[in-house]
Amino acid sequence: MSMENARGVLLLSHVGFSFMEDLVAVVRARGLNVYVLSSLPEPQHQQSRPGALADLADDVRVSAGHVLSEHDVEDYLGQLKTAGTQVLGCLTVWEGYRHLMALANARLGVPDLEEKQVLELRDKLTLRNRLADAGLSRGRASALTPATLAACRREGKRYFIKPVSGIASFGAFPLTPSTTWADLERIAAEARADTVYASAFTTEADPAGPDTSADHNADRNADRDADHSAGFGMEFLIEDYVPGQEFSFEVIVVDGTPHVVAIHEKCEVTETAGTVLENACVSPPTSLSQEETAAGLRWVASALQTLGLDWGCFHIEARHAPAGWDLIEVNPRVGGSLISPSVAALTGGTGLLDLWLDSQLTAGRPGAFRQRLTDLSFTADGTTPSPNATFFRVFFADPGTIRRVGLNDGLPLKPALSHVLLGPGDVVESSSREVFLGQMLWHMDLAGRETVLAGLLPASEHAIEIEYETERG
C-alpha cells in the first residue's frame, strides 16, 4: 500500500510483542497510521507473530536479530521518509529500547528525554547515589563483588541486591545469610540464556559514550572493581534496604512540569530468593494520609528536577516509612502489567498510553493538553479528582507443566478486565524472573471501596484456577 503523505507513529517492538495491540489501538484511535519496527521473534513465534503484526500495522519491518539497534531505527526512519510518510513520534514500552525511542524522537524533532538520560536512568547504581547526594534517598549503593558480598554478609544489616541495569525484577532480591556468589553466577547464566531478557542485562559499552561532565561518574568508576562481574557479563549492585510500604507514581512530565495521574499501592509484594513478585495493587492508596500523599508528590517533583527529567512518562517506584519517602527506581516508561488500564478506569477512559502519546502529538500546542492533565492529576495538597478506585492482581506460574487453567466465576465482584496468558500443556521452568500466568482488574466507586475490598482481596487470590501435571518446586 502507498504511504505517500501518510501520517503515523513508529512503535518499537521487542521480539514481536511489547503491548503492541494496546499501542496500536491508541494510535488508531487518533486516526493515524502505525509503523512497527520489531526485533526477530523467538523461534516458536517466528512463523506467526510477524503476520500478526502485519495485520495490525500499516507497515512492519522485522530485524535479523533478537535485539534492535540504533542502525535498525535510523534505517527504518529513512525508509519511511523516502516513502513520503510523516512520522509524528515514536513509542515503546520495552525499557531496553527506551533509549532507541529517545534517539528516534530526537531525529524526528519530537520532545523527549535525551538518549544519554535514558541510559543514565538504567544505571541504578549511579542513580541511587546521585539521589542520596541530593538528600532524596537515605540509602546508598555499591558495585557487588565477591569482597563486598562477604563484607555485607558479615555486617548483618539489611541489604538488597539487583542488576545495575535490570528489568522485570529479574535477579532482584534481599540479601540473606545464605546468599553466595554462586547465586549471582546462576542468575547471570539464566539471563544470558533468555532470548527475551538477555540484552537488558549485558555490560557492554554505553552507546551514549562516557559522561565526563558529571562528578558522580568518577565516584562510580572508582567504586567498581574491574573484575567484579567475574566474567559473566552482568553487573550487580548491593544497596541499603529501603523499608516501608511500596507505591508507584504514574507521572506525565510536559516541559518540566510533572503531573501525577495516579498512585498505586502495592498491597501485596512477595520477596523470593531470586526475584520480587508484585502480586496486587490498589489505587488510590489505602494506607496514606492526604499529608503523606502530598509529601510524596513533592518528593517525586524534587527527584525529577534533580535528574533533569523534563519530558515523558515515568513509573516511579518508591517506599514510604515513618522517616519519609525513598526511592526504589525511576522507570522512564509506562508501568507494566495493568497500570495503564488501571489509570483508564480511574480517569474514566484515558490511560497512560493515551497520555504519553498525546504529550508527543500536542508538543507544539501544549496548552489544552496541560489543562487536561491538570484536571486528571493529583493536586498539590494530596487529593485526587477521580471518584473511582481500582484493584488489580497479577498471577504468577510455578514451575511445572500446566494441566488446566481457568477463571473462577464465584468472585464477589466481576472483573472489568481479565487476561490468562498460559494454557494447558505450557511448561514453566524455574527462573529468577517472574513468569506471568494472568492478570485481572476491578474498578469500583472510591466512596465504597473499603467494603468491596474486604471481600475481594482474599477472594481474588483464587480468581485464576490452575492445576499442574508435574510436581511444582
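The values are calculated or read from the model by the stated rules, or taken from the named source; none is laboratory data. Being a predicted model, the structure only gives us computed values, none of them experimental. Cβ sites come from the backbone with ideal geometry, for glycine too, and all protein chains shown count toward neighbours.
Determine whether R128 is farther than 21 Å from G244 by Cβ and part of a helix (DSSP H, G or I). Against the criterion (farther than 21 Å from G244 by Cβ and part of a helix (DSSP H, G or I)), R128 does not qualify. L53 falls short of the stated requirement of being crowded, with 20+ Cβ neighbours inside 10 Å and either closer than 26 Å to S165 by Cβ or touching a Leu at 6+ places or on another chain (Cβ under 8 Å) (or both).
Yes or no, residue by residue, for (1) buried (at least 23 other Cβ atoms within 10 Å of the Cβ); (2) within 20 Å of S18 (Cα to Cα):
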| position | (1), (2) |
| --- | --- |
| A318 | yes, no |
| A323 | no, no |
| D326 | no, no |
| G335 | yes, yes |
| T347 | no, no |
| L361 | no, no |
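Condition check ((1) modelled with pLDDT under 95; (2) touching a strand residue (DSSP E or B) at 6+ places or on another chain (Cβ under 6 Å); (3) among the charged types (D, E, K, R); (4) closer than 17 Å to D240 by Cβ) across all residues:
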site	(1), (2), (3), (4)
K157	yes, no, yes, yes
V164	yes, yes, no, yes
E185	yes, no, yes, no
T195	yes, no, no, no
E204	yes, no, yes, no
P210	yes, no, no, no
A214	yes, no, no, no
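Quick check, is L422 at pLDDT below 95, surrounded by 12 or more Cβ atoms within 10 Å (Cβ to Cβ) and more than 23 Å from the chain's Cα centre (by Cα)? Considered against the rule, which asks whether it is at pLDDT below 95, surrounded by 12 or more Cβ atoms within 10 Å (Cβ to Cβ) and more than 23 Å from the chain's Cα centre (by Cα), L422 comes out as no.
For G8, the stated conditions do not hold, so it cannot be described as closer than 18 Å to L355 by Cβ, modelled with pLDDT of 95 or more and either in the same structural domain as S340 (by TED's automatic domain parsing) or out of contact with any Cys (no Cβ under 6 Å at 6 or more places or on another chain) (or both). Consider region 103-119 and keep the residues that are among the aliphatic types (A, V, I, L, M) and over 20 Å from V34 (Cβ atoms). The one that is surrounded by the most Cβ atoms within 10 Å (Cβ to Cβ) is L113. Of all residues in region 1-27, exactly one satisfies the criterion of being assigned to a loop (DSSP other than H, G, I, E, B) and among the acidic types (D, E), namely E4. Considering every residue within region 460-467, establish whether at least one is under 30 Å from A189 (Cα atoms), modelled with pLDDT of 90 or more and of a type in the set (D, E). Yes, the conditions are met somewhere in region 460-467.
Buried (at least 23 other Cβ atoms within 10 Å of the Cβ) and not assigned by TED's automatic domain parsing to the domain that holds L12: does that describe L131? So L131 fails the test.
Of all the numbered requirements in (1) out of contact with any helix residue (DSSP H, G or I) (no Cβ under 9 Å at 6 or more places or on another chain); (2) of a type in the set (A, V, I, L, M); (3) modelled with pLDDT of 95 or more; (4) within 24 Å of G438 (Cα to Cα), A301 misses one, and that requirement is (4). Taking (1) within 15 Å of W442 (Cα to Cα); (2) modelled with pLDDT of 95 or more in turn, L407 satisfies each apart from (2). Looking across region 435-464, just one residue is within 30 Å of A182 (Cα to Cα) and buried (at least 20 other Cβ atoms within 10 Å of the Cβ), and that is L437. Residue by residue through region 324-339, note down the ones that are at pLDDT 95 or above and out of contact with any strand residue (DSSP E or B) (no Cβ under 7 Å at 6 or more places or on another chain). Within region 324-339, just G324 meets the criteria. Residues in region 390-413: is at least one small (G, A, S), surrounded by fewer than 20 Cβ atoms within 10 Å (Cβ to Cβ), farther than 30 Å from R186 by Cβ and in contact with a Leu (Cβ under 8 Å, 6 or more places away or on another chain)? No, region 390-413 contains no residue that is small (G, A, S), surrounded by fewer than 20 Cβ atoms within 10 Å (Cβ to Cβ), farther than 30 Å from R186 by Cβ and in contact with a Leu (Cβ under 8 Å, 6 or more places away or on another chain). Evaluation of T176 against the conditions (1) buried (at least 20 other Cβ atoms within 10 Å of the Cβ); (2) polar (S, T, N, Q); (3) at pLDDT 90 or above shows that the sole unmet condition is (1). The strands (runs of 3 or more DSSP E) found entirely in region 33-111 include none that carry 3 or more residues being modelled with pLDDT of 95 or more and in the same structural domain as I252 (by TED's automatic domain parsing).
Scan (1) touching a helix residue (DSSP H, G or I) at 6+ places or on another chain (Cβ under 8 Å); (2) farther than 30 Å from A25 by Cα; (3) among the basic types (K, R); (4) surrounded by 20 or more Cβ atoms within 10 Å (Cβ to Cβ) for the single condition R122 breaks and write down its number. Going through the list (1) touching a helix residue (DSSP H, G or I) at 6+ places or on another chain (Cβ under 8 Å); (2) farther than 30 Å from A25 by Cα; (3) among the basic types (K, R); (4) surrounded by 20 or more Cβ atoms within 10 Å (Cβ to Cβ), R122 breaks only (2).
Scan region 337-357 and tell me whether some residue there is among the charged types (D, E, K, R), closer than 18 Å to V260 by Cβ and outside any strand (DSSP E or B). Yes, region 337-357 contains a residue that is among the charged types (D, E, K, R), closer than 18 Å to V260 by Cβ and outside any strand (DSSP E or B).
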